[in-house]
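As structure tokens, the structure follows; a few thoughts come after it.
The values are calculated or read from the model by the stated rules, or taken from the named source; none is laboratory data. Being a predicted model, the structure only gives us computed values, none of them experimental. Reconstructed Cβ throughout: ideal geometry from the backbone, glycine too, with neighbour counts over all protein chains shown.
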Amino acid sequence: IDTPWPVPHRGSKELFERAQKVIPGGVMGQGRFAKPHPLYMTKAQGARMWDVDGNEYIDFHCAFGAVLLGHNDPRLRTVIDRTLDQHGVAFSAAHPLESELAERIIKHVPSAEKVIFCCTGSEATYHAIRRSRAHTGRNKILKFEGAYHGWHDYVQWSVHFDPAEAGSPEAPKPVQESAGMIRAAEEGLLTCGYSDTKTLRDIFAKHGADIAAVIVEPIYHNAGVVMPAPDFLSEIRRLCDDNKSVLIFDEVITGFRVGLGGAQAQCGITPDLTTMGKAFANGMPISAIAGKAEIMNGFAPLGKTFFSGTFYGHVLNVAVASGCIEILENDPPYEYLDSLGKRLKAGIQAAIDQTGVPATVGQHGSVWALYFTRRGLANYRDMASFAQTKEHPIHSSFQRWMLESGIYIHPHFIIRGYLNAAHTEADVDHLVDATRRYFIAHKED
Ligand code: PMP
């Protein structure tokens, strides 16, 4: 859609013209672009976000789920001030706050015996996979189609792909997602449909002795909100045990968002390694790898798996993460968020029933998704068939409608949104009402 945004946008347009001269495409990556130009944001506070043209939005994007307590939480601002006063910004040297944060994570996350910090989710999955290869002396990792685990060559395969390129579901082939990836990475990769337990067993029967690790989102959020088939995670656990492969839960979205123990505490299945990011620092760039001591101790200096980054264990990030978990312990928002999530789901479901539009709403705790189809969705191939790309007309028009209604959802290929603890019931009702009005206006489309 090239028509202008339905909200005042002159400032964004001018910034885009300026940015394009110095920033490729004017944005930090394709995920932030939307036609005719991105909307440039200038402030976020609590549940609200403002763009440079003064439009105010209720933010249901929450920085891709990183914001859990609400934007710019005052309690964490106190932590930031205190940290700057007492410590400063960055040492790139060992400091006492690291152990405090590690102890908090170990207290809550079932798989965590030892913890190490980096900055982004991609770094966490990269190191976890490399560690798994070193631990097992094997080459292959197995990931599920439609799952995003970051931008690196180990995992950026078969994320938003055309199923026609990926072979049959019984014999899936990895589909490269970016130009410039090393082709040899494909040799180290196996793919399988999410919740396709039968194909998973077949893959293990054939390649089990070569599989260093399985990496899986315990809730399939990169496809919106899709729960695993009932036997899926337990079967992965069993196959990994039988074949001595490392099981990695990628809890970059679910960690500390669904509850203090993450999705693993909810489903009762404990992985060997866990990657976390986003919500546990309420928007500051920190991620973690946690897991069995036996595996974690293989990171240097104890073991031979290299681990280092200038900003790993960054003082301010570590302090905020620790402060954030302390707030989550003392004032847990989970019941409230779940009640808001259920309210959102029930409201949108009622709007679907009332208008008869072919749509499905998904929700788990504070994460929700809307699909413009009535078909049950279990894995990415189900979704790809109705082409929910970012360019999809329904998606673009829905996003525009929402912006006009004062609601920010991200221009993403799937309509997936988040709630944070600063959202109110009135905010949720506003979203539901705007969605109902959209359904009514587009009933015949
Ligand atoms: N794993 C999962 C499950 C994610 O959702 C994401 C980001 N959306 C990542 C890894 C990568 O995290 P980052 O963008 O911080 O590198």
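Criterion first (at pLDDT below 95, within 14 Å of the ligand (Cβ to nearest atom), part of a loop (DSSP other than H, G, I, E, B) and under 19 Å from the mean Cα position of the chain (by Cα)) does Val155 satisfy it?
Numbers: at pLDDT below 95: no; within 14 Å of the ligand (Cβ to nearest atom): yes; part of a loop (DSSP other than H, G, I, E, B): yes; under 19 Å from the mean Cα position of the chain (by Cα): yes.
Spelling it out, it is not the case that Val155 is at pLDDT below 95, within 14 Å of the ligand (Cβ to nearest atom), part of a loop (DSSP other than H, G, I, E, B) and under 19 Å from the mean Cα position of the chain (by Cα).
Would you be able to say whether some residue in segment 161-177 is among the aromatic types (Phe, Trp, Tyr) and within 16 Å of the ligand (Cβ to nearest atom)?
Taking segment 161-177 first, the residues among the aromatic types (Phe, Trp, Tyr) are 161.
Filter once more, keeping what is within 16 Å of the ligand (Cβ to nearest atom): none.
Scanning segment 161-177, I find no residue that is among the aromatic types (Phe, Trp, Tyr) and within 16 Å of the ligand (Cβ to nearest atom), so the answer is no.
For segment 1-31, enumerate the residues that are free of Cβ contacts under 8 Å to residues at least 40 places away in the same chain and either under 27 Å from Ala421 (Cα atoms) or not in a helix (DSSP H, G or I) (or both).
Asp2, Thr3, Pro4, Ile23, Val27, Met28, Gly29, listed by residue number.
Every residue, every condition in (1) in the same structural domain as Ser245 (by TED's automatic domain parsing); (2) within 16 Å of the ligand (Cβ to nearest atom); (3) modelled with pLDDT of 95 or more, yes or no:
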| residue | (1), (2), (3) |
| --- | --- |
| Cys119 | yes, yes, yes |
| Glu145 | yes, yes, yes |
| Phe204 | yes, no, yes |
| Ala223 | yes, yes, no |
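Give the residues of segment 236-265 that are in a helix (DSSP H, G or I), surrounded by fewer than 24 Cβ atoms within 10 Å (Cβ to Cβ) and either within 16 Å of the ligand (Cβ to nearest atom) or in contact (Cβ under 8 Å) with a residue 60 or more places away in the chain (or both), sorted by residue number. Spell out how you get there, then give the answer.
Step one: of segment 236-265, the residues in a helix (DSSP H, G or I) are 236-243, 262-265.
Right, trim to surrounded by fewer than 24 Cβ atoms within 10 Å (Cβ to Cβ) and you get 237-243, 264-265.
The answer is Gln264, Ala265.
Quick check on my filter: what residues within segment 1-25 are within 17 Å of His410 (Cα to Cα) and touching an Asp or Glu at 6+ places or on another chain (Cβ under 8 Å)?
Across segment 1-25, the qualifying residues are Pro6, Val7, His9, Ser12.
Quickly run through segment 143-202 and pick out the residues that are under 22 Å from Glu123 (Cβ atoms), among the β-branched types (Val, Ile, Thr) and touching a Cys at 6+ places or on another chain (Cβ under 7 Å).
none
Six or more apart or on different chains, Cβ under 7 Å: which pairs go from a residue in segment 162-186 that's over 25 Å from Ala205 (Cβ atoms) and in the same structural domain as Ala147 (by TED's automatic domain parsing) to one that's among the aromatic types (Phe, Trp, Tyr) and not in a loop (DSSP other than H, G, I, E, B)? Could you list them?
Gln176/Trp157; Glu177/Trp157
Every residue, every condition in (1) of a type in the set (Ser, Thr, Tyr); (2) crowded, with 21+ Cβ neighbours inside 10 Å, yes or no:
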site	(1), (2)
Ile80	no, no
Gln86	no, no
His95	no, no
His108	no, no
Cys118	no, yes
Ser122	yes, yes
His135	no, yes
Asp153	no, no
Asp162	no, no
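Does Ala124 satisfy being among the small types (Gly, Ala, Ser), part of a helix (DSSP H, G or I) and away from the ligand (no atom under 12 Å from the Cβ)?
On the way: among the small types (Gly, Ala, Ser): yes; part of a helix (DSSP H, G or I): yes; away from the ligand (no atom under 12 Å from the Cβ): no.
Considered against the rule, which asks whether it is among the small types (Gly, Ala, Ser), part of a helix (DSSP H, G or I) and away from the ligand (no atom under 12 Å from the Cβ), Ala124 comes out as no.
Looking at Ala63, Ala102, which one is in a helix (DSSP H, G or I) and within 16 Å of the ligand (Cβ to nearest atom)? Please lay out each step first, then the result.
Numbers: Ala102 fails: within 16 Å of the ligand (Cβ to nearest atom).
Being in a helix (DSSP H, G or I) and within 16 Å of the ligand (Cβ to nearest atom) holds for just one of Ala63, Ala102, which is Ala63.
Listed residues Ile325, Ile289, Ile348; which is in a helix (DSSP H, G or I), surrounded by 20 or more Cβ atoms within 10 Å (Cβ to Cβ) and assigned by TED's automatic domain parsing to the domain that holds Val258? Full working, then the answer.
Numbers: Ile289 fails: in a helix (DSSP H, G or I); Ile348 fails: assigned by TED's automatic domain parsing to the domain that holds Val258.
Result of the check over Ile325, Ile289, Ile348: Ile325.
Ile295 fails exactly one of the following numbered conditions: (1) over 22 Å from the mean Cα position of the chain (by Cα); (2) under 14 Å from Pro110 (Cα atoms); (3) β-branched (Val, Ile, Thr). What is the number of that condition?
(2)
Among the listed residues His71, His95, which satisfies the condition of being of a type outside the set (A, V, I, L, M), closer than 26 Å to Met276 by Cα and under 23 Å from the mean Cα position of the chain (by Cα)?
Details: His95 fails: under 23 Å from the mean Cα position of the chain (by Cα).
When all the criteria are applied, what remains is His71.
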